[in-house]
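**Student:** Pasting a structure below so you can have a look.
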Amino acid sequence: MAEKAYEGPISMTKKGIGFFALLPGNRNRDKNEDLLIPADETLHALHGDLVQVVPTGLYRDPSGRMPPREAGKVVKILSRARETFVGTLIEEDGLTFLDPDYKKMHVPLVILDRGDAKLGDKVLARLGEWAPDKAYPLGTIEEIIGKAGEHDVEMRALALGQGFSPEFPPGVRAEAERLEREGKGMIAEEIAKIAGGSARRDFRAAPTCTIDPVDAKDFDDALSLRALPNGDYEVGVHIADVSFFVRPGDAFDKEAYDRATSVYLVDRTIPMLPEVLSNGLCSLVEGEDRLAVSAVFTLDADARVKDAWFGETVIHSNRRYTYEDAQKTLDEGAGDLSEELIALLGLSKKIRARRQAKGAVDFDTPEVKVELDASGAPVAIHLKERRETNLMIEDFMLLANEQVAAHLAELTKNGGAHFQSLYRVHDEPDTERLENLEHLLRVMGYHLKVSGDGKVSGAELNRLLDAVKGKPEEYLVKTATLRSMAKAVYATKNIGHFGLAFDYYTHFTSPIRRYPDLLVHRLIKSHAGGAPVSKAEMTAFDSIAVHCSEREVAAADAERASVKMKQVEFLSPHVGETFAAVVSGVSDRGLFVEEQSTHADGFISVRDLGDDFYEHDEKHFALVGRRTGKWFQLGNPIRVKLIAARPAEKELDFAPA
């Protein structure tokens with residue numbers, strides 16, 4: 001009987017060897033290891049491609065370096081994970097190649113027609129034919145980005161490499177130009193309907209403000225507060241009504257779906273929607289009437305929700321606060337809306353305490369902030385400060401997201417016309433990953449209490465994170481714990497959110513920059529008697545959830561790469577200097593380290609560790625000198641000397657100081 005064929009994504013190594021994971025329900029063998037796909041059995045599959053694989057039995061490595069293991073072969077490539085690649089043009093043996101920036105692309109592309117591009121240029125190329133008898137695929141140049149190494153070229157390359165274009169297509173630009181002319185009139189016309197009895201509520205009299213970073217250009221959320229005579233509070237979480245302008249199937253909607261998210265590189269934003277919306281008509285600017293979709297809560301003095309309403313509103317922001325300005329107003333107890341801010345802060349602390357008591361995991365991992373000069377060169381790197389005002393905004397956004405998700409779940413539980421919703425879900429940590437984390441922590445001197453069924457509570461994770469606060473290994477333990485967690489994704493089936501300890505959670509608060517939030521706004525309006533979401537649209541929610549989850553990962557990869565590039569560039573003039581670092585990873589090839597002032601990652605090759613032969617002790621996450629007995633272990637602080645910096649490759653090489 002022929003072996004069953006399995007479908008799924010393939011992972012590729014730099015040597016062109018593939019690995020294919022059989023899902024637990026599909027495993028037909030006792031071993032849990034992935035199928036190995038020898039290089040000559042991959043059918044020219046690339047990393048991430050959706051392929052069809054059949055098992056072929058036991059594979060024996062001709063070199064004898066690898067023990068025998070279960071193998072398979074690709075019988076069909078169902079779809080490519082990537083059709084375009086960014087890279088640098090190089091020449092070898094008289095041929096022009098695209099050397100891809102994407103590290104998981106294991107082969108270069110042959111460029112037959114270079115056009116106006118020069119060797120050393122960064123270009124965007126489309127994957128072409130890959131004949132069965134050829135070592136490399138063909139590629140055609142779609143865009144000449146510019147000379148490799150220049151700031152603007154590299155930033156654009158990072159975005160294009162993940163499929164995000166800074167430019168919008170002609171249809172979107174034409175629609176944006178129309179809104180430039182007509183948008184304000186559309187808002188005024190919609191507000192005028194309130195007097196005629198429209199469902200949109202008027203919140204312009206409620207004291208309202210936005211609180212955002214100092215360099216923010218779009219303001220998509222605002223808070224309002226009114227003290228009620230009985231001691232309760234009416235708190236409004238007001239979100240820009242993007243769905244008023246972006247209608248299902250129009251040019252804006254199609255482009256927003258394709259992008260699925262905005263991208264935030266170190267020096268620029270690549271928005272999901274054109275600036276006429278993101279920075280204009282849908283930005284809740286100070287002193288202007290704006291349309292919103294709001295979650296309005298009646299909270300008692302203990303910040304418990306007594307009542308909630310969700311629907312269309314019009315608001316008027318009285319003040320555009322930065323986090324710093326709002327914090328100053330709170331600290332001094334005086335200034336615009338000071339009473340409202342003080343009350344909001346008090347309520348938010350109670351909301352947060354209740355969430356943490358329920359088991360929400362408090363990673364509180366600060367982001368790396370890179371400051372650039374006018375030319376794009378990095379001049380300073382530090383961790384972003386999280387103030388009380390940051391946490392306050394976060395608390396109310398989480399409350400709104402949770403309550404909206406529960407509201408939609410209630411409305412869709414009986415099926416019927418509204419049978420579908422969209423959730424942001426976060427599964428419990430995988431048992432195997434937890435075991436690895438538990439072992440790693442034990443090596444570092446920490447204990448993580450895991451139950452007999454392989455589960456861990458949020459409270460136990462918080463106890464661990466509290467134990468490492470202020471210690472050299474804090475950042476490392478937080479990172480390792482985060483890596484052991486499942487990834488949060490979008491889904492139509494609700495399983496709750498482990499990290500936040502919520503039974504229901506969705507994304508409602510950022511429709512300017514996230515497509516799922518836009519869909520959630522449409523659902524809220526539909527349930528409130530507005531334009532219905534069609535059955536065809538709801539049927540597509542599953543594929544939309546997968547697409548948006550994938551684009552979110554691509555955006556995060558581009559953002560991380562832009563930070564990493566500038567970290568390496570910042571440190572490159574300091575080759576030869578010594579730094580404080582911590583060992584963040586151990587392999588048989590050497591040590592991964594994290595420089596402490598910039599949080600930049602680097603590598604120490606085993607050959608640079610000293611005059612000894614170092615063996616990899618996997619059990620203790622260490623390299624051990626055979627002659628000297630010297631240990632280099634995960635989590636150890638270490639003084640390092642920078643010996644090489646390669647900004648183009650985003651790589652740093654260190655040696656022990």
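**Student:** Given the peptides 556-567, 456-467, 57-68, arrange them by the average over their residues of other C-beta atoms within 10 Å, most packed first.
**Tutor:** The peptides rank, most packed first, as 556-567, 456-467, 57-68.
**Student:** Can you give the Kirkwood hydrodynamic radius for segment 288-438, in Å, rounded to one decimal and based on Cα pairs?
**Tutor:** For segment 288-438, inverting the mean 1/r across all distinct Cα pairs yields 19.1 Å.
**Student:** Run lengths n ≥ 4 of DSSP H only: what is the helix-derived mean residue ellipticity at 222 nm for the chain, with -39500 (n - 2.57) per run over all residues, to the nearest 500?
**Tutor:** Calculated from helices alone, the mean residue ellipticity at 222 nm is -9000 deg cm²/dmol.
**Student:** Take peptides 366-379, 338-351 and line them up by average Cβ neighbours within 10 Å, highest first, as a rough protection proxy.
**Tutor:** 338-351, 366-379
**Student:** How big is the charge dipole of segment 6-79 about its Cα centre, in debye rounded to the nearest 20, if each Lys and Arg gets +1 on its Cβ and each Asp and Glu gets -1 on its Cβ? Mind showing how you got there, number by number?
**Tutor:** Values: 10 positive and 9 negative charges, 32 e Å.
It comes to approximately 160 debye.
**Student:** Oh, and also: Taking each pair of distinct Cα atoms in segment 84-148 once, what is the resulting Kirkwood hydrodynamic radius in Å?
**Tutor:** It is 11.5 Å.
**Student:** What is the sum of charges around Ala655, taking Lys and Arg as +1, Asp and Glu as -1, for the other residues whose C-beta is under 15 Å from the C-beta of Ala655? Walk me through the numbers on the way to the answer.
**Tutor:** Details: positive: Arg589, Arg607, Lys630, Arg639, Lys641; negative: Glu577, Glu595, Asp608, Asp611, Asp612, Glu651, Asp653.
Computed value for this residue: -2.
**Student:** Another question about this same structure. List the pair-distance distribution P(r) of segment 6-79, using every Cα-Cα distance, as the percent of pairs falling in each 10 Å bin from 0 up to the bin containing the longest distance, rounded to whole percents.
**Tutor:** 21, 56, 22, 1
**Student:** Quick one: which of 615-627, 151-163, 574-586 comes out on top by average Cβ neighbours within 10 Å, and what's the full order, highest first? Spell out each step's value before the answer.
**Tutor:** Values: 615-627: 15.2, 151-163: 21.2, 574-586: 17.0.
Going from most to least packed, we get 151-163, 574-586, 615-627.
**Student:** Let me ask you something else. Tell me the net charge near Thr140. Cut-off is 13 Å between Cβ atoms, Thr140 excluded, with +1 for each Lys or Arg and -1 for each Asp or Glu.
**Tutor:** For residues surrounding Thr140, the net value is -3.
**Student:** Right, here's the next one. Working only with C-alpha atoms, what are the Rg and Dmax values of segment 395-542, expressed in angstrom?
**Tutor:** 18.8, 58
**Student:** Among all the lysines, which ones have a C-alpha under 23 Å from Lys525's C-alpha, if same-chain residues fewer than 8 places away are not counted?
**Tutor:** Lys184, Lys193, Lys254, Lys306, Lys413, Lys493, Lys535
**Student:** A follow-up question, please. For segment 122-198 and segment 388-451, write down the distance between their C-alpha centroids in whole Å.
**Tutor:** The two parts, judged by their Cα centres, are 32 Å apart.
**Student:** Counting each pair of different Cα atoms once, what's the Kirkwood radius of the chain in Å, rounded to one decimal?
**Tutor:** 27.7
**Student:** Rounded if a/c is under 1.5, else prolate if a/b is larger than b/c, else oblate: which is segment 561-637, with a ≥ b ≥ c the root eigenvalues of its Cα gyration tensor?
**Tutor:** Verdict is prolate for segment 561-637.
**Student:** Taking only pairs that are 8 or more places apart or on different chains, how many Lys pairs in segment 39-176 have Cα atoms under 30 angstrom apart?
**Tutor:** Lysine pairs meeting the criterion: 19.
All of the numbers you see were taken from the coordinates with simple rules; none came from a lab. Since we're looking at a predicted model, the values are computed, not measured. No Cβ is skipped: glycine too gets one built from the backbone with ideal geometry, and neighbour counts run over all protein chains shown.
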